[in-house]
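Contents: one structure, followed by commentary.
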Amino acid sequence: MNWPTVQLGSLCRFQGGSAFPRHEQGLIRGDIPFIKVSDMTLSQNQLHITAANNWVSHETIKRLKLKPAPPSSIVFAKIGEGLKAERLRLITRPTVIDNNMMAAIPNEDVDATFLFYLLHNLHLAHYAEGSALPYLRASDLSQLFVQLPPLQEQRLIAETLEVLDVKIESNRKVIELFQNLSRAMYGAWRETLTELHSSTFGEFAEVFGGSTPKTSVSEYWDGGIAWTTPTDITALSAPYLFSTARTISDSGLASSSATLHPAGTIFMTSRATIGSFAVNQIPAATNQGFIAVRPRHSIHRWFLFEEMRSRVAEMLDRANGSTFMELSRGNFKSMVIEVPVEDKLAELDATLSPIHAKAAQLVRESSRLSSLRDALLPELISGRVRISDHQEVVQGFV
């Protein structure tokens, strides 16, 4: 599609943020959000800003001569690590941004949501200056050339992509609800127990460490066996592992003391970051930053999972280390647990298994939706494909 090519500055104006007034009491009692780059990680919403740590009053804005960005602006980091992460958000209310951020304020004849996706597709970090601390200039962004479809086409593109992001966000909320429900039901179930016997994690389950094949041996790597690092776990929005950033080969697995764990094993980070969890949905090995707990019987899985994540504070107390804190496998295995009779464990499993199965299904679905959105985005923005070509595909997904 031969849409006209225009400069980005003709679609919007860019506005920088304000220095964060750290000692202002109005930051607590105001009703206008004052957001920093870190606020864009308060929720997993990929489209809108939904939370802020700081709020300012109208009086503070007037006195400090702050300039809120208007609703429908797109806000993003303009410097440092936040810029590299390429986080952008639409705002739905007047919002003050700090001086590490920038706002793109769309013209009246430009659809704001289309502009959001257009900026996403540009990968703004590519236009940053500086290597140690990259930063964006408004003047440089204004001069970028982009293709501009008619307003009606902008809206169709925006609506199509937004449908996918709204469904992803809806799934995220349901997944979060399921996590809270599982914790609450586990706590309520615990209160009903009468017959208990003392055991330890090491006695009640199989407990493993992890290992790393030699990185200098290329034959050990990229072989298709999922190999988990703590970063794979901390990046998850829910505790279900479907893939890993790196894989190892059969010879890599055999060369190390790593174990290939069947699906349903509980992975817990045990070094530096202690107490992040995932249950692997595929066979996977781990590096040495994990304690892997394999239930001896499948009905023990969610009991172990909830018991472990309810006792992270105790695990942190048991951790030690000079360079970084680590919970040793021995210290973990010796932790005492009060175990109910098998009938009660089966009862808990019957309650929690469907909740986690549905949550894991939604995680998988959201991953597919994200892949579809990411594939469609550059094609729709460039005009290489039209909305009519993919409407049925999108509708089938959502």
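The values are calculated or read from the model by the stated rules, or taken from the named source; none is laboratory data. Owing to the predicted nature of the structure, the values given are computational and were not obtained by experimental measurement. All Cβ positions, even for glycine, are placed from backbone atoms using ideal geometry, and neighbour counts span all protein chains on display.
Residue count for region 160-197 under the criterion of being within 20 Å of the chain's Cα centre (by Cα) and over 25 Å from ILE337 (Cα atoms): the result is 17.
Just to be sure before I move on: is ALA125 within 23 Å of the chain's Cα centre (by Cα) and surrounded by fewer than 20 Cβ atoms within 10 Å (Cβ to Cβ) in the structure I sent? It is true that ALA125 is within 23 Å of the chain's Cα centre (by Cα) and surrounded by fewer than 20 Cβ atoms within 10 Å (Cβ to Cβ). Identify, please: which residue in region 254-269 is touching a strand residue (DSSP E or B) at 6+ places or on another chain (Cβ under 6 Å) and not in a strand (DSSP E or B) and is, among those, surrounded by the fewest Cβ atoms within 10 Å (Cβ to Cβ)? Across region 254-269, the extreme among qualifying residues is ALA263.
The residues listed here are ASN100, ASN53; of these, the one that is free of Cβ contacts under 8 Å to residues at least 24 places away in the same chain and either farther than 29 Å from ARG384 by Cα or small (Gly, Ala, Ser) (or both) is ASN53.
Of the strands (runs of 3 or more DSSP E) lying entirely inside region 72-117, the ones with 1 or more residues being among the β-branched types (Val, Ile, Thr) and at pLDDT 90 or above are found at 74-77, 101-106.
SER353 meets the stated requirement of being at pLDDT 95 or above and part of a helix (DSSP H, G or I). Among the candidates ILE168, ILE175, the residue that is buried (at least 18 other Cβ atoms within 10 Å of the Cβ) and either at pLDDT below 95 or touching an Asp or Glu at 6+ places or on another chain (Cβ under 6 Å) (or both) is uniquely ILE168. For region 270-288, the tally of residues that are more than 22 Å from ARG364 (Cα to Cα) and surrounded by 24 or more Cβ atoms within 10 Å (Cβ to Cβ) stands at 1. Has region 341-349 got any residue that is aliphatic (A, V, I, L, M), surrounded by fewer than 18 Cβ atoms within 10 Å (Cβ to Cβ) and touching a helix residue (DSSP H, G or I) at 6+ places or on another chain (Cβ under 7 Å)? Within region 341-349 (the criterion being aliphatic (A, V, I, L, M), surrounded by fewer than 18 Cβ atoms within 10 Å (Cβ to Cβ) and touching a helix residue (DSSP H, G or I) at 6+ places or on another chain (Cβ under 7 Å)), the answer is yes, since at least one residue qualifies. Against the criterion of being at pLDDT below 95 and either within 24 Å of GLY187 (Cα to Cα) or in contact with a strand residue (DSSP E or B) (Cβ under 7 Å, 6 or more places away or on another chain) (or both), GLY396 does not qualify. Counting the residues of region 261-286 that are touching a Leu at 6+ places or on another chain (Cβ under 6 Å) and either of a type in the set (Ser, Thr, Tyr) or more than 19 Å from ILE175 (Cα to Cα) (or both) gives 4. Answer with yes or no whether THR41 is surrounded by fewer than 20 Cβ atoms within 10 Å (Cβ to Cβ), under 27 Å from SER370 (Cα atoms) and without any contact (Cβ under 8 Å) to a residue 24 or more places away in the chain. No: the conditions fail for THR41.
For region 49-58, a residue qualifies if it is closer than 24 Å to LEU88 by Cβ and at pLDDT 80 or above, and the qualifying residues are ALA52, ASN53, ASN54, TRP55, VAL56.
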